[in-house]
Amino acid sequence: MNRYRSHNCNELRKKDVGNDVLLSGWINKKRDHGNLLFIDLRDNYGITQCIIDKKNTQFNDLEKVQLETVIKINGEVVNRSTETINKEIDTGEIEVSIKSYEILGTCKELPLPVFSDQEYSEEIRLKYRFLDLRRKKIHENILLRSKVISFIRNEMIKMGFLEFQTPILTSSSPEGARDFLVPSRLNPGKFYALPQAPQQFKQLIMVSGFDKYFQIAPCFRDEDARADRSPGEFYQLDLEMSFVEQEEIFKVVEKLLLNTFKKFSNKKIITDKFPKISYSDALLKYGTDKPDLRNPLIINDITEIFSRDDVSFDIFKKLVKSGSKVRCIVTKNTQDKPRSFFDNIDKWAKEQGASGLAYFTFEKGISAKGPIGKFFSRDALMEIMKKTNAKIGDSIFLACNSKIELEKITSLARDKIAQDLDLIDNNTFAFCWIVDYPMYERDVISKKIKFSHNPFSMPQGNLNEINFEKPLDILAYQYDIVCNGIELSSGAIRNHIPELMYKLFSIAGYNKDEVNKKFSGMINALSYGAPPHGGIAPGIERIVMLLANEKNIREITMFPMNQNAQDLMMNAPSEISENQLKELNLYLNVKK
RNA sequence: GGGGGUGUAGCUCAGUUGGUUAGAGCGAUCGCCUGUCACGCGAUAGGUCGAGGGUUCGAGUCCCUUCACUCCCGCCA
């Protein structure tokens with residue numbers, strides 16, 4: 001028999017009444033009645049109420065033991081009378097009458113209470129993370145994360161994927177995020193980098209003939225934190241497949257995500273087949289490439305209306321003449337909303353740095369009510385209604401600006417208006433694919449052509465017919481998966497043809513030598529018989545956050561760093577000894 | 001690198017237009033209480049009001065500087 005426990009703290013039931021048991025755990029809560037003491041004993045599995053009274057010689061000692069002390073209890077399982085049954089806990093029908101106890105681990109005065117629903121400052125939570133992690137909510141989040149990861153691993157194996165590990169110490173990559181660097185003792189002056197993602201390795205695994213790979217892969221990027229982005233490290237479900245087209249990857253990911261979300265959440269999933277939206281459509285209809293499809297509002301372009309003679313809204317007309325566009329959002333059945341509803345949105349838009357949102361409401365007999373209504377003829381209004389699917393009683397919000405500025409403000413306005421009208425169902429998941437990303441874009445500042453996303457992506461179309469003279473028109477087999485407005489991952493069919501890769505890189509301003517040097521491992525491997533292949537890498541934390549309904553990534557991470565990338569519990573990063581520096585051939589030149 | 005928010009007891013917070021000795025709940029300590037499950041009741045201890053400087057007869061409160069935490073922008077192929 002185990003020396004510490006015969007049962008865990010969530011195991012005992014009515015059938016155990018009369019038995020002698022051993023329980024070990026933390027003192028979650030004491031209720032001291034002077035001559036009678038209740039102790040809630042807690043472990044990973046649950047809580048069992050234990051009870052002791054004055055007749056027991058150990059009563060006076062146990063009465064004084066601190067919360068969160070780890071104790072072992074020897075006692076008898078006894079029935080609770082009907083009035084004292086606690087339905088909140090699984091063991092609520094019984095309690096353990098303490099015969100003796102023993103302290104296994106003492107506890108100092110607590111810097112933060114464990115038994116409490118209060119919020120605490122991040123600083124204290126992170127410094128005493130081991131205490132914080134005992135608390136119910138976050139303890140359950142971490143358990144959920146563990147279950148989600150093993151479920152995903154299982155599903156992947158069931159689908160015939162092989163799990164491989166790839167190096168943690170690798171080479172610095174020239175593109176993308178800042179690398180974390182590790183000095184090499186054996187190679188003075190040289191550095192390893194921690195992988196930002198196993199991108200090149202997973203492609204090499206395909207070239208090595210393994211066909212289907214996955215890994216719950218740690219990724220390291222030295223970039224600033226956000227609420228949904230840890231500084232430093234995060235995990236991806238990294239996967240790659242050979243001899244596939246985009247659709248087959250979609251199938252695998254849809255199946256995996258549906259199974260995972262159905263298993264771990266009761267929320268409704270809007271469509272089992274994820275809709276596909278082209279990148280350009282997404283920017284037009286939602287103003288962003290990560291639309292929240294729970295939100296029914298759609299953005300329309302009605303620029304043409306403002307070149308009509310029977311529209312006299314001169315501010316917009318003038319702007320349209322000089323190249324601006326007009327986009328709008330129609331809200332259903334809002335004719336009875338008070339003036340303040342519209343004005344608040346206009347005011348809000350101004351606070352966002354836009355020049356405001358013009359608005360009016362379509363009324364019976366086709367007229368427009370609102371400050372700018374008088375500038376539109378009946379015909380013009382009918383045309384707008386046709387273009388936007390608006391009906392009598394609907395309202396319309398309009399903005400006029402450059403394409404980029406319009407996307408920004410209409411995307412924000414879409415969220416804001418939906419919130420104000422309470423149009424978003426928080427009890428659903430809405431997935432979609434964003435497809436047909438452009439291969440290149442023009443850098444806003446330098447005006448140079450650059451890769452818009454992954455330079456290793458395969459361009460679309462017949463490879464002999466691609467017009468390299470018009471690089472901005474080239475689309476890539478590149479895709480994102482989005483859920484409730486959160487980007488879960490991006491992926492692509494990879495370019496496995498070295499000559500094509502040189503060509504694509506040359507458009508972005510890299511010559512052959514540079515490509516050879518920067519991506520030597522990859523480009524070399526692709527020249528020895530590479531299979532067509534592609535993949536994707538959903539973010540594990542993003543998935544768990546959606547399932548746990550948490551906005552902050554630290555709520556689903558065991559030992560996160562703070563915003564300044566410090567681990568307050570382990571004191572990382574820390575200074576190192578002179579000897580260590582010397583061995584690594586490093587000297588410090590820290591600016592104060 | 002830039003912008004916003006927060007910082008008062010071990011923890012969570014209140015603190016009025018600048019005005020006496022800075023308060024509450026939880027926790028701690030001590031006492032009372034045999035059916036609680038946020039047990040109850042009474043008492044006690046506990047404060048560099050993040051730090052430094054300034055204005056003022058007088059600063060938790062106003063001003064400046066600075067530090068910490070956090071949210072956002074930049075950044076994250």
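Bear in mind these aren't lab numbers, they're just calculated from the coordinates by the rules spelled out. Quantities reported herein were computed from a predicted structural model and do not represent experimental measurements. All Cβ positions, even for glycine, are placed from backbone atoms using ideal geometry, and neighbour counts span all protein chains on display.
Over chain A, the reciprocal of the mean inverse Cα-Cα separation, the Kirkwood hydrodynamic radius, stands at 28.9 Å. Projecting the Cα atoms of A:543, A:489, A:280 onto the charge dipole of chain A (Cβ charges, centred on the Cα centre) puts A:280 farthest toward the positive pole. By the scheme Lys and Arg +1, Asp and Glu -1, what is the net charge of all other residues having a beta-carbon under 10 Å from that of residue A:45? Combined, the nearby Lys, Arg, Asp and Glu give -2. Over all other residues within a Cβ to Cβ distance under 13 Å of residue A:472, the charged ones net out to +1, with Lys and Arg as +1 and Asp and Glu as -1. With the cut-off at under 18 Å, measuring from each backbone N in the stretch A:95-139 to a point 7 Å along the Cα-to-Cβ line of residue A:559 picks out A:123-135, A:139. Where only DSSP H runs of four or more residues are counted, chain A gives -8000 deg cm²/dmol as its mean residue ellipticity at 222 nm, each run worth -39500 (n - 2.57). Would you mind ranking A:584, A:194 so that the residue whose beta carbon has the fewest other beta carbons within 10 Å leads the list? Ranking A:584, A:194 by Cβ neighbours within 10 Å, fewest first, gives A:584, A:194.
Backbone N atoms of the stretch A:472-487 closer than 20 Å to the 7 Å Cα→Cβ label point of residue A:508 belong to residues A:472-481. Relative to the current alpha-carbon distance between residue A:463 and residue A:216, full extension at 0.36 nm per residue lengthens the span by 85.6 nm.
Please arrange A:7, A:533 by how many other C-beta atoms lie within 10 Å of their C-beta, fewest to most. So the residues, fewest neighbours to most, are A:7, A:533. Footprinting exposure proxy ranking of A:319, A:37, fewest other C-beta atoms within 10 angstrom first, gives A:319, A:37.
Helices that extend 30 Å or more along their long axis by alpha-carbon positions and average at least 1.0 on the Kyte-Doolittle scale are absent among the DSSP H runs of chain A. Each other residue within a Cβ distance under 13 Å of residue A:35 adds +1 if Lys or Arg and -1 if Asp or Glu, for a net charge of 0. Looking at this model, which pairs from A:190/A:518; A:321/A:391; A:137/A:551; A:290/A:408; A:212/A:518; A:285/A:408 are more than 18 angstrom apart at the alpha-carbon? With Cα atoms farther than 18 Å apart: A:321/A:391; A:212/A:518. Applying 0.36 nm per residue to the separation of residue A:382 and residue A:446 and subtracting their alpha-carbon distance, the gain on full extension is 18.7 nm.
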